[in-house]
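Colleague: Below is the structure I would like to discuss, written out as structure tokens.
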Amino acid sequence: NAGVTQTPKFQVLKTGQSMTLQCAQDMNHEYMSWYRQDPGMGLRLIHYSVGAGITDQGEVPNGYNVSRSTTEDFPLRLLSAAPSQTSVYFCASSPNRESNQPQHFGDGTRLSIL
Amino acid sequence: GQQVMQIPQYQHVQEGEDFTTYCNSSTTLSNIQWYKQRPGGHPVFLIQLVKSGEVKKQKRLTFQFGEAKKNSSLHITATQTTDVGTYFCAGPLGGGATNKLIFGTGTLLAVQP
């Protein structure tokens with residue numbers, strides 16, 4: 001049982017490049033989300049999904065796109081990378097769309113934009 | 001906008017000393033969750049508090065939810081080196097019933113053997 005799997009673990013991009021961060025979970029969780037973590041700022045919600053085919057914006061969605069074609073996968077796309085998007089990105093999931101549930105996090109993707 | 005602040009940002013203790021981190025929200029929260037993140041790791045869920053004034057214990061860890069449901073604390077008794085990490089509180093974005101979380105700024109705990 002792998003839980004939440006994120007790939008890649010590390011990535012360096014040049015400004016203007018595009019990239020997709022992968023997130024997959026094998027727990028049949030309905031709810032999935034993406035956070036970014038920056039020093040001194042905690043984790044901030046980028047986008048989330050309450051089920052296949054349904055996505056919505058979080059606190060800091062600009063510059064990112066998501067889609068949810070299956071229950072298992074929730075990729076995050078950077079359309080045109082900027083240095084301000086240098087961060088650690090975490091994907092998280094919880095069993096269903098019921099509220100107030102513990103979040104299960106992946107190991108994160110450490111992304112640097114030059 | 002909604003903010004969740006934690007103090008202190010950093011605490012260095014000798015092994016065996018106690019530790020407390022405080023979490024303060026700008027809005028009333030329907031519940032609060034606590035997570036621990038080891039250095040280089042990912043956040044791991046510790047506990048959830050729902051009721052006003054609620055106190056929960058997990059071995060040496062004591063969690064409290066304030067009466068006004070706008071603040072919370074985590075107290076660790078007799079710290080050990082395994083307690084090292086960053087502790088985050090998290091509440092529902094918007095304060096109500098949702099899985100969308102707003103995280104506190106975190107408290108980094110260092111424990112010297």
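The values are calculated or read from the model by the stated rules, or taken from the named source; none is laboratory data. These figures come from a predicted structure and were not determined experimentally. Neighbour counts run over all protein chains shown; Cβ positions are idealised from the backbone, glycine included. The accessibility values were calculated without ligands, DNA or RNA, using every heavy atom of the protein model including side chains. Shrake-Rupley method; radii C 1.70, N 1.55, O 1.52, S 1.80 Å.
Colleague: Is it the case that some residue within the range B:16-32 is at the interface with chain A (Cβ under 9 Å from one of its Cβ atoms) and in contact with a strand residue (DSSP E or B) (Cβ under 8 Å, 6 or more places away or on another chain)?
Modeller: Scanning the range B:16-32 turns up at least one residue that is at the interface with chain A (Cβ under 9 Å from one of its Cβ atoms) and in contact with a strand residue (DSSP E or B) (Cβ under 8 Å, 6 or more places away or on another chain).
Colleague: Next up: Quick check on my filter: what residues within the range B:82-113 are open to solvent by less than 60 Å² (accessible area, probe 1.4 Å) and away from every other protein chain (no Cβ under 13 Å)?
Modeller: Within the range B:82-113, B:83, B:84, B:85, B:109, B:110, B:111 meet the criteria.
Colleague: Return the only residue of A:8, A:95, A:75, A:61 being more than 15 Å from the chain's Cα centre (by Cα) and surrounded by fewer than 22 Cβ atoms within 10 Å (Cβ to Cβ).
Modeller: Exactly one of A:8, A:95, A:75, A:61 is more than 15 Å from the chain's Cα centre (by Cα) and surrounded by fewer than 22 Cβ atoms within 10 Å (Cβ to Cβ), namely A:95.
Colleague: Examine the range B:45-61 for a residue that is closer than 16 Å to residue A:104 by Cα, within 11 Å of chain A (Cβ to nearest Cβ) and buried (at least 22 other Cβ atoms within 10 Å of the Cβ), and state whether such a residue exists.
Modeller: no
Colleague: Would you kindly identify the strands (runs of 3 or more DSSP E) lying entirely within the range B:1-82 that contain at least 1 residues that are over 10 Å from the mean Cα position of the chain (by Cα), within 20 Å of residue B:105 (Cβ to Cβ) and not acidic (Asp, Glu)?
Modeller: Ranges flagged: B:4-7, B:10-14, B:19-25, B:32-37, B:43-49, B:61-65, B:71-76.
Colleague: Residues that are in contact with a strand residue (DSSP E or B) (Cβ under 8 Å, 6 or more places away or on another chain), within 9 Å of another protein chain (Cβ to nearest Cβ) and farther than 18 Å from residue B:104 by Cβ: list the strands (runs of 3 or more DSSP E) wholly contained in the range A:31-109 that include at least 2 such residues.
Modeller: Working: elements: A:31-37, A:43-51, A:54-57, A:64-66, A:76-78, A:87-94.
It comes to A:43-51.
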